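Visitor: Take this structure first; my questions come after.
Read-outs throughout are calculated quantities, based only on the coordinates presented, and are distinct from any laboratory measurement. Predicted, not measured: the structure shown is a model, and the values here were computed from it. Neighbour counts run over all protein chains shown; Cβ positions are idealised from the backbone, glycine included.
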């Protein structure tokens, strides 16, 4: 027999988290469903308005919770730079360069200014038209330092490019780029 608030009898159903997970039920979604189900019948006055209000509140809290899990840096910087290498776009890569860059191209290693490094990268892309890029290794668990190794396929062969980003979590800058020809 159903009472005024919608509960059936005096029996309370207890759900075990292990049992739910065995049945493939997502515990977070189940939690929000139970929260809505329990609170929608608490106020007998304006029950319809209250249930809509609770649904909106639960949905909003779920969205806020899930958005907090997203990387707050605004995107994947390693993938973005890798994509710019694939496109051969030295001008876009230069936007991420620090004022001085340790640039190693084949056997030549030196510290260059941002403008000099852009020119060297531009010449490299003119001589080696990029076709593909694949991220081989990435180290991005530290918000102040990131490192990646990519394999850049060009018309003249494959190159291994390692680059490092350093700075604050708000703004990371390229401090080192190493370009080496892969040995087959």
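Visitor: Testing the spin-label approximation: label points 7 Å from Cα along Cα→Cβ at residue 107 and residue 168. State their distance in nm.
Guide: Reported label-point gap for residue 107 and residue 168 is 4.3 nm.
Visitor: What does the extension gain come out to for residue 147 and residue 114, with contour length at 0.36 nm per residue minus their alpha carbon separation?
Guide: The residue 147-residue 114 span can extend by a further 10.0 nm.
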